[in-house]
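Below you'll find the structure, written out as structure tokens, and then a few comments.
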There are 2 protein chains.
Amino acid sequence: MEKTLTRKDLIFKEAAGLFQSQGYVGTSMRDLATKVGLKPSSFYSHIKSKHEILETICNQSAARFLSGLEQIKNSIDDPFDQWIATVDLHISIAFENPSAITVFNDEWRHLEGDSLTYFLSQRKIYQQGVVGVIKSAILSGKMRDLDPNLVFNTMIGATRWLHFISSPGKASAERIAGQVQELLLSGLKKES
Amino acid sequence: MEKTLTRKDLIFKEAAGLFQSQGYVGTSMRDLATKVGLKPSSFYSHIKSKHEILETICNQSAARFLSGLEQIKNSIDDPFDQWIATVDLHISIAFENPSAITVFNDEWRHLEGDSLTYFLSQRKIYQQGVVGVIKSAILSGKMRDLDPNLVFNTMIGATRWLHFISSPGKASAERIAGQVQELLLSGLKKES
DNA sequence: TATATTTGCGAACGATCATTCGTAAATATG
DNA sequence: CATATTTACGAATGATCGTTCGCAAATATA
């Protein structure tokens, strides 16, 4: 048994926060050192490079989305309900892990070589998974017949600003989640 | 009469493209010099600093949104139709000026001091303007009663991925625009 | 043509970047 | 307690950053 948060994990956590507010390139190892309470040179007993930090955070985020989707597929049968749960997944990840969301959305572009290739493959797998859910929901007759990739991207974008909300109370978070779901499901037009 | 594109404008244009793909911090003056066909030191006959480039691009984008909104308010009476036109505004800006969109959405965070203050004030004015449209549309009874700022942010996000589409044909762009509008207006649920 | 202004460039500046290395303190292991 | 391993640090390295400066070429002005 160890401390639940190893120093390595602390580095990743603080880095995610800094990458969110300043961007990967805009965050220096000195910034991170100050945040963690170490000198810059001390990092290299724990990690290999700055790139490794970005890589780890990106992969953790990708895994979070993929495992969430797997769980949805395993526990819910109706494809339209799977879709609703997927939107909820994005909303709750945005609230529970805001900095990782930003890195997952934006900062992965600074990955290079194999890290980039792997991340993009994971991302593609995830998108194809969600698109599969959307296609099934359309076939089931419960979802409007729109381009599945367009639906995917629009949903991603529509839930993408939530992580800006600093720390919503639980009630507030649920109210927001409910309204976003309603907007995506029923649209803005009254009495359609 | 001069050339329609001054060297200064060319610098801003190429910079916007680089800022989009590499980020502001990730783009060096040497990168930009290569793109424009100058040596790094030659920039400073035309511009004051790298910051000035970002500032100019951000302000141009803000002005583009604000003037678009003004025109909508002046030419359309019904608030719900104003809302639809606003969404169209975002979609068409995303297609017509993709790199400026990214800078407007993401890179403004690297502004500093007065530039940042001014940009945020312009952005706030714009948001308040659109929120006003939304409130009126709700009052008119044609729009569902959701939190106006939530509607604003969700729309911003939902149209935020469009600039990734490299160069859609006009037909394709209109098809995409139509589907995004339909999704936002009528939602995903069939027979609501 | 003579002169003034704009534009471009090579070289260099100080600052900051991620990272390495030798070494010392701290900690774990026997 | 003695030894081995992990962790932290100060100093330095080479690279790259935005920017400045003096000077030449190009261009506009007269």
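Things worth noting here:
- Residue list for region B:156-172, restricted to those being touching a helix residue (DSSP H, G or I) at 6+ places or on another chain (Cβ under 6 Å) and at the interface with chain A (Cβ under 9 Å from one of its Cβ atoms): B:157, B:158, B:159, B:160, B:161, B:162
- Search result, residues across region B:1-10 that are among the hydrophobic types (A, V, I, L, M, F, W, C) and either within 14 Å of chain A (Cβ to nearest Cβ) or part of a loop (DSSP other than H, G, I, E, B) (or both): B:1, B:5
- Condition check for residue B:175: basic (Lys, Arg), closer than 26 Å to residue A:83 by Cβ and more than 7 Å from chain A (Cβ to nearest Cβ): yes
- Yes/no for residue A:114 being farther than 23 Å from residue A:176 by Cα, more than 11 Å from every other protein chain (Cβ to nearest Cβ) and outside any helix (DSSP H, G or I): no
- Checked against the criterion of being in contact with a helix residue (DSSP H, G or I) (Cβ under 7 Å, 6 or more places away or on another chain), of a type in the set (Val, Ile, Thr) and crowded, with 20+ Cβ neighbours inside 10 Å, the candidates A:72, A:76 yield just one match: A:72.
- Any chance residue B:121 is in a helix (DSSP H, G or I) and touching an Asp or Glu at 6+ places or on another chain (Cβ under 8 Å): no
- Region B:102-156: number of residues that are crowded, with 20+ Cβ neighbours inside 10 Å, more than 25 Å from residue B:13 (Cβ to Cβ) and in contact (Cβ under 8 Å) with a residue 40 or more places away in the chain: 6
- All of B:57, B:84 fail the test of being assigned to a helix (DSSP H, G or I), modelled with pLDDT of 95 or more and over 21 Å from residue B:103 (Cα atoms), apart from B:84.
- Of residues in region A:11-54 being among the β-branched types (Val, Ile, Thr) and within 12 Å of DNA strand D (Cβ to nearest atom), the one nearest to the other protein chains (Cβ to nearest Cβ): A:25
- Residues located in region B:26-53, provided they are away from DNA strand C (no atom under 13 Å from the Cβ), touching a residue at least 24 places away in the same chain (Cβ under 8 Å) and touching a helix residue (DSSP H, G or I) at 6+ places or on another chain (Cβ under 6 Å): B:53
- Of all residues in region B:8-25, those being within 13 Å of DNA strand C (Cβ to nearest atom) and surrounded by fewer than 16 Cβ atoms within 10 Å (Cβ to Cβ) number 2.
The values are calculated or read from the model by the stated rules, or taken from the named source; none is laboratory data. Note that this is a predicted model, so its numbers are computed, not measured. Note: ideal-geometry Cβ built from the backbone for every residue, glycine included; neighbour counts use all protein chains shown.
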